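First comes the structure, then the notes that go with it.
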Amino acid sequence: MDSNQFKPPVRRSMTDAELQDALGNSQADEAGILKAMELLETQAQLRDIEKMELAAWVLQMEQIGTPEAFLAVENAARVSKGLEPLEVLPTSQPPVEDVVANLNALFGAVTPTAPAEPVQHSEPVQSQELETPSPSEDPQFNYVDAVTHESAVIQQIEVPAAFEEFFTEIENEEASDAPAPVAVAATDIEAFDMVIGAEEELTALEEALFEEPEQDVEVVVEADPFVEFITGAEPVVETVALESAPKISRRSRAISQFWAWLGLTGSVVPFLFASFLNGFALSFGQLALAVVLGLVASGAVIAIGSLAGKRSGLPTLMLSRAAFGVHGNLAPAIFMTINRLFWTAALIGMGLSLAFPSSLQFDAISTVTSGAHLILAIVAVLLIAAVTLAIFGGRVLYRAQQISGLIGLIAVVAWLSVMAPTISTTKILQTADGSWLATFAVAVLTFSFFGLVWSSASADFARKLHVSVRGIRVIAWGLLALVVVPAVIILASLTVLRGWGGPGGLPAWLATVLAVAAVTSAIVWLGMSFYSSNLSLHSIGLKLRPTIAQPLLGLLLGSAAVFAFMHLQVSGFWFNLHGYALVLAVPAAAWTGIFVSDILIRRIAYHEISLSRGYGFYKSVNWFNLSGWVVASVIGLGLTYSELTEFQTLGFIAEQLVNQEFWRQSSFGIVIAFAIGLLVPVAIGIPRIKRQEAEVLTIEARRNDLKDVLGLVD
């Protein structure tokens, strides 16, 4: 009998120390990472083969059953434990059956192929007794095919426990220090959104959640253990709220976008906007054209922005890091956060102006009538309700959006039904066409009010859409709520306002319905704005719990709105609101253009870890897009005039052009800034984005192949 068969299989894989040295010498770039991944993959395959060879060898020694075979197994076990091998088995050797039982207890659950009759060790073993069953007869011995690579089917052989540690050094030594395992999503290169980020879902939380958005909690997002293991980078632990982290429930359907935005557009707000537009000296057809154009542009930018939320589950201003770079995004994100806070305070001020149409004197606050005090108390209660709604967020806010939208639709339909019999077609058509320049200005105004105000929140209410939801459905439901619903309400309201020929006054019940709709709309609008404001603060690093952040925002912004309204009064408030809104709309339009264009170019989900790491796929700063945002903002402001004293220097480009009246009335600088923003990523950004996507697909495919090696299991 060949004595070599009593020797355990020779190790061919690298030791732990050798593997660590090889990985440590790898360069911390893309090529080095891929090379290190290939090394890990090769070593993992070698170790799997060695495990199967070892298990088969132990089974073979048990089947031989001679003292020499048992001595070989005993010595292999002793060597694996760092003990000296024995030259012979002890003289007081127990019966063979006890030796086999002890070996099974020592090596784990190894199933021996016991002969039909007990083996007599005192007699020589005949060669015919040592014939090994073929793989077709006994699948336990298919390890031969695995070693020679002659078969694609490898039957798993249970590895003895005593040798598990010997052949799994990295797994055992790294277990106590390695970061928590991260779920890896499958990659489908045929789907529209092909890659799910590595930290997209928190499984334990998802099992307890419903389809609708849930209340947010705080979690800890750790750096990618795979990237850090390869590159040797220090772990970066970042405590963030769940609302700004990818670990949220992702089970909402596309229709949730309709209900989320219906609270914004299916309310009395479009009716109030129609009342404002009715004051323009334009024909019904001109107003209808302007409204439709403005709403289509608004709905498009918000619906496209919701695709970004669907692809990742992160807030809007954090997703814009993919366009501007992780650190380069800070400047536009700070501005967009200020813009969001401004409009939140402006909404409160609008409510005050409607509650006190005859102004409210600042120095007579203590002597105003009890009715005024009651109105102030109601405003305070509404503000508290909005803050509370924002604190709960998630499913509570989602339900509030549904209820508010339905109440608003009921109120508008009831109002139109009551007023319809009094409509005169002649009165509707009697207003002649006005200035087409003013018509264009109304379209820009509509786009600014419904689109640019909420573009920085477009992904905030789509974060819980599942990544597998079809993008076309997300856009379709969003356009239905953001374009069709408000267009019908505004045009129907204009029809009633222009063609009403009946007596004044409304039925008491209808006035009550409109009042309830107005109150619920105000609460939901402010609740959505507070909720999005907190997410914006999180995106720039100001992270507070909702129970702390929302009351602070309510107190600060509410106080600012009350102070501004009392100081400026009604006319001054609206004058300043128009001036500041016009100036803030220009950089917001430039940012929106870049963000929307970047989304349209991309075809896969965001790599979420890279959105928080400057060394990730999106880099630290995208200088081209960042410079493009600055240039577009400067050009837009140079083409925009303002009547406010603090902005008298604006319009410096328009002053050099002909027809300055056009630039003063049309607000065309907003359109120019938006158009430049759209073109900036298209100019030279497409190759960069395609390269990023290819790198993400490669790294995710490699990660999927190596998930068992590094403990990254589904």
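Each value in this text was obtained by applying a stated rule to the coordinates, not by laboratory testing. Computed from a prediction, not measured in an experiment: that's the story for all the values here. Here the Cβ is made from the backbone with ideal geometry for all residues, glycine too, and neighbour counts use every protein chain on show.
General observations
- Annotation: average projected area of the range 595-686 is 7.7 square nanometres, based on the convex hull of Cα atoms across all directions.
- Cα shape, the range 246-315, gyration tensor, a/c 1.5 rule: prolate
- Full extension of the chain between LEU555 and ALA22 yields a length gain of 186.1 nm, computed as 0.36 nm times the residue separation minus the alpha carbon distance.
- Links that overshoot a 21 Å alpha carbon limit, given the list LYS543/LYS619; LYS7/LYS51; LYS35/LYS310; LYS7/LYS81: LYS543/LYS619; LYS35/LYS310
- Ranked list, fewest to most other Cβ atoms within 10 Å of each Cβ, for ILE540, ILE523: ILE540, ILE523
- Cα-based shape type of the range 527-638, given that a ≥ b ≥ c are square roots of the gyration tensor eigenvalues and the cut on a/c is 1.5: oblate
- Sites ILE334 and THR426 - FRET efficiency at Förster radius 56 Å, r taken between beta-carbons, to 0.05: 0.55
- Label-point separation in nm, GLU38 to ARG399, each point 7 Å along Cα→Cβ: 5.7 nm
- Estimated vicinal HN-Hα couplings, Hz - the range 59-69 in sequence order (Karplus 6.51, -1.76, 1.60; Gly, Pro = x): 5, 5, 5, 5, 6, 4, x, 7, x, 5, 5
- In terms of other Cβ atoms within 10 Å, ILE635, ILE684 run from fewest to most in the order ILE684, ILE635.
- In order through the range 664-681: 3J(HN,Hα) via Karplus (6.51 cos²θ - 1.76 cosθ + 1.60), integer Hz, x for Gly, Pro: 6, 9, 8, 6, 5, x, 5, 5, 4, 4, 5, 5, 4, x, 5, 7, 4, x
- Using the Cβ-Cβ distance between VAL634 and ILE548 with R0 set to 35 Å, the FRET efficiency from 1/(1 + (r/R0)^6) comes to roughly 0.40.
- Cα-centred dipole magnitude for the range 613-707, charges only on beta-carbon of K, R (+1) and D, E (-1), debye, nearest 20: 720 debye
- Residue exposure proxy: TYR606, TYR398, TYR615, ordered by other Cβ atoms within 10 angstrom of their Cβ from fewest to most, comes out as TYR615, TYR398, TYR606.
- Enclosing the Cα atoms of the range 241-705 in their convex hull gives a volume equal to 142 cubic angstrom per residue.
- Over the Cα atoms of the range 483-542, the radius of gyration divided by the Kirkwood radius equals 1.20; this is the Rg/Rh ratio.
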